[in-house]
Amino acid sequence: MRAVVTGQIGMDKKAYLRAVGDRAGERGGRIELFNVGDIMYGEAPDVRPGRILDLPLSRLSSLRRAAFKDIIAATLPVEEHPNVIVNTHATFRWRHGLFSAFDFDQMSRLRPDMFICLVDNVEVVHHRLHAEHIIDATLKDCMVWREEEILATELLAQAMGCHNRFYILSRGRQSDTVETCVRLVTRPEMRKVYPSFPMSHVVDMPEVLAEIDHFRAELARHFIAFDPADVDEKLLLDRALEAAREGRDWIEAAPHSFGGRAGSDPLRVSVREVLDIAGDIDGQIYMRDFKLIDQSDMICSLIPELPNGTPGLSSGVERELQHAFEHTKEVYVIWKPKKNPSPFITETATRIFGSVDDALTYFDERGMIPMMNLFGH
């Protein structure tokens, strides 16, 4: 597949996508990676590293067109370059304001098969952005930019005829999304699943969390999994609210990057800035999780039994199941409580299982779990 991968500045996409190429190479395959930014710098040896966006828009556009011209020439004919990733951006929000980072005519000649918008936790993006560039951007700015990048990439995918091949993909804080990206590019026919499970109200239940982690790992092992927990800004907001009640101005967040570029020390995050984006965090979770369901073939939900014997069925999980059903996705539920599920579960589920193993056996018997080939395990 020929994939265009976008994402706001501060994503460190190059390191991530290099890892994607390396993973494919370890299995005897090949993914050709083209970094538009690197090629643009190669065309402009007079521009200092990290300063290319400060150029006049006219020269920036000329450099971008020269870079895409080289990429198009290097990847034709298509039949001889089956797996290609072009690392670029859909938008820039810089000193020039908001502007696009692509040209429709060249994108059409590139003949992409899919578009992937890479996302990450906002505090980590904010940290990388300021570590690599001289700019004064708030967490709010980063949230807005991410939303713009997702929307612009989706519209570009539609314009290029890739209506059902636009994906939002997290770099991953809890799971290996390098594997997810490799499979998207080299095994796009694999089943795509949205793992659904309770999150915020089970954080203090280690046995339940272990059960959920096993469920998520098994789905990620057998499918292309779009895990909602790979962006966990809701936990950041909860910690900021607690810090505000205690009168603290800063909280610490764990760094996350390939190659350690975000540093190994905890990140200091302003409580005030996190509280300023509370509405954005909730709104983008709502939007993003539904889009993850929409880009999946099926939803598989684990409903654990809580220590008090009640079903661990959160309002978020219920809403996700209903959304998937209404959008004609396959709906699978793993129901662990002794108490029987309600009609709102039984009447919308394609099938209900008593365990993860039962679900996997069912999927395997129906040929939903493929044999891994060159690019698989």
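The values are calculated or read from the model by the stated rules, or taken from the named source; none is laboratory data. Source: prediction; values computed, not measured. Cβ sites come from the backbone with ideal geometry, for glycine too, and all protein chains shown count toward neighbours.
Looking at the stretch 161-179, is at least one residue under 25 Å from residue 328 (Cα atoms), touching a Gly at 6+ places or on another chain (Cβ under 9 Å), buried (at least 23 other Cβ atoms within 10 Å of the Cβ) and at pLDDT below 95?
Scanning the stretch 161-179 turns up no residue that is under 25 Å from residue 328 (Cα atoms), touching a Gly at 6+ places or on another chain (Cβ under 9 Å), buried (at least 23 other Cβ atoms within 10 Å of the Cβ) and at pLDDT below 95.
So which helices (runs of 4 or more DSSP H) are wholly in the stretch 1-77 and hold at least 2 residues that are modelled with pLDDT of 95 or more and out of contact with any helix residue (DSSP H, G or I) (no Cβ under 8 Å at 6 or more places or on another chain)? Outline the logic, then answer.
Working: elements: 13-26, 36-43, 57-74.
In the stretch 1-77, the matching helices (runs of 4 or more DSSP H) lie at 13-26, 57-74.
Within the stretch 279-288, does at least one residue satisfy the condition of being of a type in the set (Ser, Thr, Tyr), farther than 23 Å from residue 170 by Cα and either at pLDDT below 95 or surrounded by fewer than 18 Cβ atoms within 10 Å (Cβ to Cβ) (or both)?
Just the residues of the stretch 279-288 that are of a type in the set (Ser, Thr, Tyr), to begin with: 286.
Retained after the next criterion (residues that are farther than 23 Å from residue 170 by Cα): none.
Among the residues of the stretch 279-288, not one is of a type in the set (Ser, Thr, Tyr), farther than 23 Å from residue 170 by Cα and either at pLDDT below 95 or surrounded by fewer than 18 Cβ atoms within 10 Å (Cβ to Cβ) (or both), which makes the answer no.
Conditions tested, residue by residue: (1) in contact with an Asp or Glu (Cβ under 9 Å, 6 or more places away or on another chain); (2) among the hydrophobic types (A, V, I, L, M, F, W, C).
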| position | (1), (2) |
| --- | --- |
| 310 | no, no |
| 316 | yes, no |
| 334 | yes, yes |
| 337 | yes, no |
| 341 | no, no |
| 352 | no, yes |
| 361 | no, no |
| 365 | no, no |
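Residue check: is residue 255 touching a strand residue (DSSP E or B) at 6+ places or on another chain (Cβ under 7 Å), surrounded by 14 or more Cβ atoms within 10 Å (Cβ to Cβ) and either under 30 Å from residue 113 (Cβ atoms) or in contact (Cβ under 8 Å) with a residue 60 or more places away in the chain (or both)?
On the way: touching a strand residue (DSSP E or B) at 6+ places or on another chain (Cβ under 7 Å): yes; surrounded by 14 or more Cβ atoms within 10 Å (Cβ to Cβ): yes; either under 30 Å from residue 113 (Cβ atoms) or in contact (Cβ under 8 Å) with a residue 60 or more places away in the chain (or both): yes.
So residue 255 passes the test.
Tally the residues that are among the charged types (D, E, K, R) and touching a strand residue (DSSP E or B) at 6+ places or on another chain (Cβ under 6 Å), restricting the search to the stretch 112-141. Can you show your working first?
Pass one, the stretch 112-141, residues among the charged types (D, E, K, R): 113, 120, 123, 128, 132, 136, 140-141.
Pick out the ones that are also touching a strand residue (DSSP E or B) at 6+ places or on another chain (Cβ under 6 Å) and you get 113, 123.
The qualifying residues number 2.
What pairs come up if the first residue lies in the stretch 318-337 and is over 24 Å from residue 287 (Cβ atoms) and in contact (Cβ under 8 Å) with a residue 60 or more places away in the chain, the second is of a type in the set (Val, Ile, Thr) and buried (at least 20 other Cβ atoms within 10 Å of the Cβ), and their beta carbons are under 9 Å apart, counting only those six or more places apart or on different chains?
The qualifying pairs are 334/303; 336/303.
Given the residues 30, 51, 64, which is the only one that is surrounded by 13 or more Cβ atoms within 10 Å (Cβ to Cβ) and under 20 Å from residue 6 (Cα atoms)?
Details: 30 fails: under 20 Å from residue 6 (Cα atoms); 51 fails: surrounded by 13 or more Cβ atoms within 10 Å (Cβ to Cβ).
One residue alone meets the criteria, 64.
Taking the stretch 293-335 only, how many residues are part of a strand (DSSP E or B), buried (at least 18 other Cβ atoms within 10 Å of the Cβ) and among the charged types (D, E, K, R)?
Within the stretch 293-335, the first condition is being part of a strand (DSSP E or B), and the residues that meet it are 298-303, 305, 311, 330-335.
Pick out the ones that are also buried (at least 18 other Cβ atoms within 10 Å of the Cβ) and you get 298-303, 311, 331-335.
Subsequent filtering for residues that are among the charged types (D, E, K, R) retains none.
Residues in the stretch 293-335 being part of a strand (DSSP E or B), buried (at least 18 other Cβ atoms within 10 Å of the Cβ) and among the charged types (D, E, K, R): 0 in total.
Condition (residue is touching a residue at least 60 places away in the same chain (Cβ under 8 Å) and within 24 Å of residue 119 (Cβ to Cβ)) applied to the stretch 62-84: is it met by at least one residue? Break it down into steps so the answer makes sense when it comes.
Taking the stretch 62-84 as the starting set, the residues that turn out to be touching a residue at least 60 places away in the same chain (Cβ under 8 Å) are 75, 78, 81-84.
Narrowing the set further to residues that are within 24 Å of residue 119 (Cβ to Cβ) leaves 83-84.
Checked against the condition, which is being touching a residue at least 60 places away in the same chain (Cβ under 8 Å) and within 24 Å of residue 119 (Cβ to Cβ), the stretch 62-84 yields at least one hit.
Testing residue 135 on (1) surrounded by fewer than 23 Cβ atoms within 10 Å (Cβ to Cβ); (2) modelled with pLDDT of 95 or more; (3) among the hydrophobic types (A, V, I, L, M, F, W, C); (4) under 23 Å from residue 40 (Cα atoms), one condition comes back false. Which one is that?
Going through (1) surrounded by fewer than 23 Cβ atoms within 10 Å (Cβ to Cβ); (2) modelled with pLDDT of 95 or more; (3) among the hydrophobic types (A, V, I, L, M, F, W, C); (4) under 23 Å from residue 40 (Cα atoms) one by one, residue 135 breaks only (2).
From the list 190, 205, which residue is more than 25 Å from residue 12 (Cα to Cα), in contact with a helix residue (DSSP H, G or I) (Cβ under 8 Å, 6 or more places away or on another chain), of a type in the set (A, V, I, L, M) and surrounded by fewer than 22 Cβ atoms within 10 Å (Cβ to Cβ)?
Values: 205 fails: in contact with a helix residue (DSSP H, G or I) (Cβ under 8 Å, 6 or more places away or on another chain).
From the options 190, 205, the qualifying one is 190.
Being over 25 Å from residue 185 (Cα atoms) and without any contact (Cβ under 8 Å) to a residue 40 or more places away in the chain narrows it down to one residue among 26, 43; which is it? Show your work before the answer.
Values: 26 fails: over 25 Å from residue 185 (Cα atoms).
43 is the lone residue from the list that is over 25 Å from residue 185 (Cα atoms) and without any contact (Cβ under 8 Å) to a residue 40 or more places away in the chain.
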